[in-house]
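This report refers to the structure that appears directly beneath it.
The values are calculated or read from the model by the stated rules, or taken from the named source; none is laboratory data. Just so it is clear, the model here is predicted, and its values are computed rather than measured. Neighbour counts run over all protein chains shown; Cβ positions are idealised from the backbone, glycine included.
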Amino acid sequence: MNNLVAFLTKNFHWLLFLVLEIVSGVLLFHYNSYQGSVWVSSANSVTGKVGEWRSGVEQFFGLQRRAQELTVRNLELEAEHFQLRRRLLEAQADTAVTDSMMQQMTAQLQLIPSLVVGSTLNRPDNLLTINSGSADGVAPDMGVVCGTGLVGVVYMTSAHYAVVMPLLNFHSRVSCGIRGSGYFGYLTWEGKDPTVAYMEDIPRHAKFEEGDYVETSGYSNIFPQGITVGRIIGISNSADGLSYRLKVRLQVDFGCLREVYVIADNTFPERRELLMAARDSMELAR
Amino acid sequence: MTVDFLRRLAVFVALCLAQVLVFNRIQLFHCATPLLFVYFTIIIPRGYPRWATLLWSFFMGLFVDMFANTPGVAAASMTLAGLLQPYLLELFLPRDAEENIKASAASLGGWRFFALAAIIVVVFCLVFFALEAFSFFNVIYWLQCAGGSALVTLMLVMTLETIRK
């Protein structure tokens, strides 16, 4: 204690100097606005930094409780996620998603939009009339699709109208395959039920199940691959027992068909001509 | 209330008034102001209590501040000058200096006194203008002000010294 007192008395003027400078400083910063503002802004940055450190330390001490809270929340979210995933999978089997897939596919093709102005459903050789003709670029043997799936093939055209042979026609034969596997066959219509068609010539070793989608196989000169036709709802043997005969529920509702698109793809005519030329030359060679 | 104290007080008042009434109005070349009041600190004799030196300097600065409306600027600079003055005086003492030698040109010798005054005045001016501007954005201007003021102040101090004999 004595030493402290001695120290203080010896260096009293330093202490006094400090005090007087502090007083001057206070006067300087308080009564001069520029110096005061500089002081305030720099003081704020210093206090801000100190506050940051303090809250960092406080946070550190609360970490364990925070971790527990997060674990509980994590479990809740995982359960919710699982439920939502399940519901999404169920919803994906809905037509809403196949519609959007169709939209994506048709976006890549050159399409001529058209309206159905006449149709029949109850005859063995049903025909549709659409209001696009040769003036709009429609030609015979062009494929016709709608938002939900495959409709048919253009049969005859005039200047402003065209007649389409839909799937619901005894003469219709569309090459289709099962989505996912490469197996393909021919789709025909038996009459009576406008929502059902039959797919022939599926090999017996093919792997598929009920509910699988049927789409165009791409092995045709009319339709590109991937256009939805329908879903498999029944499996039976063919007449000769060598292959399967699938009962297909058609995706397109021909009862309320209104807006269709004619596929005006440029590659198909060339392929058709080449195939016909090949067949003709084989006929001549025989 | 010793005579010495009263005498010192008289000098204090005279210098203060001179600064406030006369020298604060002078500004040479838009930067140099004579800051004669620092003379008060320079002439504090050797052996004077350090705390007393500090207090005198502080109050001189404070009063000038009050009249010049720059609170704290001169007070802080003067306190610093008051701190340095005893140490510098020790430095510039002649070999056979007495205990309570006066800090004047007569007792120290012209050049020693000039050196002492110069150092104190220059340091004082630098600090004074630094605090006044409170920024170093314009270093040239600061140096101009400090240098100019120091020069003018030194001239006045030396003039006073010659009269003081």
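Listed by first and then second residue, the pairs with beta-carbon distance under 7 Å, at least 6 apart or on different chains, first residue in segment A:31-42 and at the interface with chain B (Cβ under 7 Å from one of its Cβ atoms), second assigned to a helix (DSSP H, G or I), are A:Gln35/A:Leu28; A:Gln35/A:Phe29. Each residue in segment A:232-286 was checked for being without any contact (Cβ under 8 Å) to a residue 40 or more places away in the chain and of a type in the set (D, E, K, R), and 7 pass. On inspection, B:Val127 does not qualify as within 14 Å of B:Val38 (Cβ to Cβ) and away from every other protein chain (no Cβ under 14 Å).
Cβ-Cβ contacts under 7 Å between residues 6 or more apart (or on different chains), taken from a first residue in segment A:5-28 that is within 9 Å of another protein chain (Cβ to nearest Cβ) to a second residue that is surrounded by 14 or more Cβ atoms within 10 Å (Cβ to Cβ) and not in a helix (DSSP H, G or I), are listed as A:Ser24/B:Gly72; A:Gly25/B:Gly72; A:Leu27/B:Pro71; A:Leu27/B:Gly72; A:Leu28/B:Pro71; A:Leu28/B:Gly72.
Selection of segment A:36-84 for residues being of a type in the set (Lys, Arg) and surrounded by 10 or more Cβ atoms within 10 Å (Cβ to Cβ) yields A:Lys49, A:Arg54, A:Arg66, A:Arg73.
Taking the conditions exactly as written (touching a strand residue (DSSP E or B) at 6+ places or on another chain (Cβ under 8 Å), surrounded by fewer than 17 Cβ atoms within 10 Å (Cβ to Cβ), among the charged types (D, E, K, R) and at pLDDT below 90), does A:Glu215 satisfy them or not? Against the criterion (touching a strand residue (DSSP E or B) at 6+ places or on another chain (Cβ under 8 Å), surrounded by fewer than 17 Cβ atoms within 10 Å (Cβ to Cβ), among the charged types (D, E, K, R) and at pLDDT below 90), A:Glu215 does not qualify.
Screening B:Leu15, B:Leu62, B:Leu9 for residues that are part of a helix (DSSP H, G or I) and within 14 Å of chain A (Cβ to nearest Cβ) leaves exactly one candidate, B:Leu62. Find the residue count for segment A:249-263, including only residues that are of a type outside the set (Asp, Glu), surrounded by fewer than 17 Cβ atoms within 10 Å (Cβ to Cβ) and within 25 Å of the chain's Cα centre (by Cα). So the answer is 2. The listed residues are A:Arg231, A:Arg249, A:Arg272, and the only one of them that is farther than 21 Å from A:Gly147 by Cβ and either at pLDDT 90 or above or not in a strand (DSSP E or B) (or both) turns out to be A:Arg272.
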